[in-house]
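In what follows, a structure is listed as structure tokens, so that the remarks can point back to it.
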Amino acid sequence: MGTNAGLAFFLSSGTVGAAVEGFLAGAPSLAFSLELPKDDYALWRRERRLEAPTGQLINSAVEVARSITEEVWRGGLPSAASLMTVNMPTTLSAETPRRFAGITPTIYGSTFKRHAEGDRFEHAFSGLQIKGEGGDVVALQNQEIALTPVRFALDVETTQEDRLRFERLS
């Protein structure tokens, strides 16, 4: 439960990881994520259960996921995509606007702080820090479904300066 919007959550997501495994196996792969209202998310994190009013939100998520999955089944993923993430907002219904959005540049910031006794560190997530504009995080803030096609092309162009700095050829 929870979204995988923003680069930090995208890269650490088990849901996205499962879609990557599907991509590696040659299957058209989707990673669906649903943003829960804060109180519902806290209850889920604490007790791994949801209250009945959340049921309509879950039903809407199932309906949207079915619709998008059927479209991928009929016509495939968007052009050149390796997989696609779908992040759904807390106000989700079958009529919620859907739009393509890139992955918002984000970082975690500090995830540990010194313990009060000073002899060790403890987990203290400081929250997601947005480092860019637009993208899937903004789509969710606008109560839209963020559709993010992702293509795995992880290499970068190497400059001549970098070649001189790093390469050692015989």
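The values are calculated or read from the model by the stated rules, or taken from the named source; none is laboratory data. Just so it is clear, the model here is predicted, and its values are computed rather than measured. Backbone-built Cβ (ideal geometry, glycine too); neighbour counts: all protein chains shown. The protein model used for the area step is the full one, side chains on, heavy atoms only, and it has no ligands, DNA or RNA in it. Shrake-Rupley method; radii C 1.70, N 1.55, O 1.52, S 1.80 Å.
Would you work out which of S170, N59, T85 lies farthest towards the positive end of the dipole of the chain? Charges go on Cβ: Lys and Arg +1, Asp and Glu -1.
Value: S170.
Anyone know which of D155, D136, D40 comes out most mobile in the 10 Å Cα GNM of the chain?
Highest fluctuation of the listed residues: D155.
Classify the range 79-170 as rounded, prolate or oblate from the Cα gyration tensor: take a ≥ b ≥ c as the square roots of its eigenvalues, call it rounded if a/c is under 1.5, otherwise prolate when a/b beats b/c and oblate if not.
Verdict is oblate for the range 79-170.
Which residues make up the longest stretch of the chain that has no GluC sites (Glu not before Pro) in a DSSP loop with at most 13 other Cβ atoms within 10 Å?
1-50
Computed from these coordinates, which is semi-axes √(5λ) of the Cα gyration tensor in Å: (i) 31, 27, 14; (ii) 39, 19, 14; (iii) 34, 16, 14?
Read-out from the structure maps to (i).
Hey, rough spin-label estimate for E117 and R98, points 7 angstrom out along Cα→Cβ, what's it come to in nanometres?
5.3
Just name one of G75, G22, L34: the one whose Cα is farthest towards the positive end of the charge dipole of the chain (beta-carbon charges, Lys/Arg +1, Asp/Glu -1).
Going by the Cα projections, it comes out as G22.
Using unit Cβ charges (K, R positive; D, E negative) and no other charged atoms, how large, in debye to the nearest 20, is the dipole of the range 87-164 about its Cα centre?
160
If each of Y108 and R74 carries a label point 7 Å out from its Cα toward its Cβ, how far apart are those two points in nm?
4.1
Suppose each label sits 7 Å from its Cα in the direction of the beta carbon; what would the L154-E51 distance come out to in nanometres?
4.2
Antiparallel versus total DSSP beta bridges in the range 97-170: what percent is that, nearest 5?
Percent antiparallel among DSSP bridges in the range 97-170 is about 60.
Let me spell out the model: positive unit charges on the Cβ of Lys and Arg, negative unit charges on the Cβ of Asp and Glu, origin at the Cα centre of the range 28-126. What dipole size does that give, in debye rounded to 20?
Charge dipole of the range 28-126: 200 debye, to the nearest 20.
Of I58, I130, which has the most accessible area with a 1.4 Å probe, and how do the rest follow in descending order?
Descending accessible area places them as I130, I58.
If you place +1 on the Cβ of every Lys and Arg and -1 on the Cβ of every Asp and Glu, how big does the dipole about the Cα centre of the chain come out, in debye to the nearest 20?
That gives a dipole near 220 debye.
To check you understand DSSP bridge types, tell me what percent of the beta bridges within the chain (both residues inside) are antiparallel, rounded to 5.
Counting only bridges with both partners in the chain, antiparallel ones make up about 60 percent.
In the range 83-138, which trypsin sites (Lys or Arg not before Pro) fall in coil by DSSP and have 10 or fewer other Cβ atoms within 10 Å?
R120
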